[in-house]
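We did not get these values from a lab; they are worked out from the coordinates using the rules stated. Note that the structure is a prediction, hence the values are computed from the model and not measured. Positions of Cβ are backbone-derived with ideal geometry, glycine not excepted, and every protein chain shown enters the neighbour counts.
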Amino acid sequence: MRIDKYLWCIRLFKTRSIATTACKKGQVKIEENTLKPSREVYGGEIITVRKNQINYKIKVIDIPESRVGAKLVDLYRKDLTPKEEFEKTELLKFAKDYYRKKGTGRPTKKDRRDIEDYYDTNEEDD
């Protein structure tokens, strides 16, 4: 089975075209080698996929006939992703909040309208 089709079948990507694009961009590797989307996948291979700033490691157990349900995915792959990879995303969330907290800074369009309405009602009262 093609690597892009396999990644779609085990529900790592929502569509097959997204899986194909990830292969073309070099986000999918087997043994540190980038691959074409048409490369065949065999049982026992370890695939590294970079998705959402996480490096997933997946061991191919078996090849499915077609796309499988979410409950059956573990029959065809084994997730070898270290927990440290998921902890990195938590650190990224904190890093983004460091610069500006939500609700501070430039007012939104709604905030601006509320401010204008407030000033308009105060001018009428005078």
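So the values come out like this:
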item: 10 Å-binned pair-distance histogram of segment 3-125 (Cα, whole percent); result: 12, 31, 20, 12, 11, 8, 5, 1
item: Rounded to the nearest 20 debye, dipole of the chain from Cβ charges on Lys, Arg, Asp, Glu; result: 1120 debye
